[in-house]
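The values are calculated or read from the model by the stated rules, or taken from the named source; none is laboratory data. Remember, predicted model here, so these are calculated numbers, not experimental data. Glycine gets a Cβ as well: all are built from the backbone with ideal geometry, and neighbour counts include every protein chain shown.
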Amino acid sequence: MNCPRDGAALSDRELNGAMVAHCDACGGMFLEPGELNRIAGPTRGDLEFSTVDLDTFQHDDEYGPIVCPKTAGHSMKKVEFNILSNIILDYCEECGGFWIDGRELTRIREEVGEYNEAEKDGVEPWTVRLSQFFWGLPFPH
Ligand SMILES: [Zn+2]
Ligand SMILES: [Zn+2]
C-alpha cells in the first residue's frame, strides 16, 4: 500500500499489539478494522463503532480528502472520532479501515485518557456508554 497523501510506501509498524501500515514520510497510518480500538488504548466501549455509526455529518479537516490506500478508487469519509472530539479521521465505508494523520494519534490517546479519568471519578463518558448501549441492540453493525 502507498500513502494516500504523498504516495510513499507504507511499512508495517507495531503499536499496542496492532500491525499498522505507517508512512515514514508524513507520519500518517492506515488501520484495518479493529486496530483503532487497539491503538487508542483500553476503554469499555467500542470507539470505532461510536466514531462511525452515529455520525451522519460530513466533516472537513485541514488535511483534505483522500482515497483509501487499500481499496483503490474509494474516497474516504471524514468522521469525528467518538463523535464529539474535534479529531477528524478518514474512514473507508468499503473496507472499514481508518486513516489517521500524523498528530492525530497523540490527540486520540489524550482523549481516551480523559474518558478513563472521568470514569475513575464515577462519571461514565456518555459516548462510551452510548456505544455500549447500541452494541447490545440486535441490529447488524
Ligand atoms: Zn505519507
Ligand atoms: Zn478501504
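Only one of Thr71, Thr56 is over 15 Å from the mean Cα position of the chain (by Cα) and modelled with pLDDT under 75. Can you tell me which?
None of the other options fit; the residue is Thr56.
Which ones in region 68-93 are assigned to a strand (DSSP E or B) and surrounded by 15 or more Cβ atoms within 10 Å (Cβ to Cβ)? Give the derivation first.
Filtering region 68-93 for residues assigned to a strand (DSSP E or B) gives 75, 77-80, 88-91.
The answer is Lys77, Lys78, Val79, Glu80, Ile88, Leu89, Asp90, Tyr91.
For region 12-51, name all the residues that are more than 11 Å from ligand 1 (Cβ to nearest atom), touching a His at 6+ places or on another chain (Cβ under 9 Å) and not acidic (Asp, Glu).
Arg13, Leu15, Phe49
Determine which member of the set Leu10, Leu31 is modelled with pLDDT of 80 or more, more than 13 Å from Ile108 (Cβ to Cβ) and surrounded by 17 or more Cβ atoms within 10 Å (Cβ to Cβ).
Residue meeting the stated conditions: Leu10.
Return the residue satisfying two criteria in turn: it lies in region 94-106 and is within 16 Å of ligand 1 (Cβ to nearest atom), in contact (Cβ under 8 Å) with a residue 60 or more places away in the chain and not aliphatic (A, V, I, L, M), and of such residues it is surrounded by the fewest Cβ atoms within 10 Å (Cβ to Cβ).
Among residues in region 94-106 that are within 16 Å of ligand 1 (Cβ to nearest atom), in contact (Cβ under 8 Å) with a residue 60 or more places away in the chain and not aliphatic (A, V, I, L, M), the one surrounded by the fewest Cβ atoms within 10 Å (Cβ to Cβ) is Arg103.
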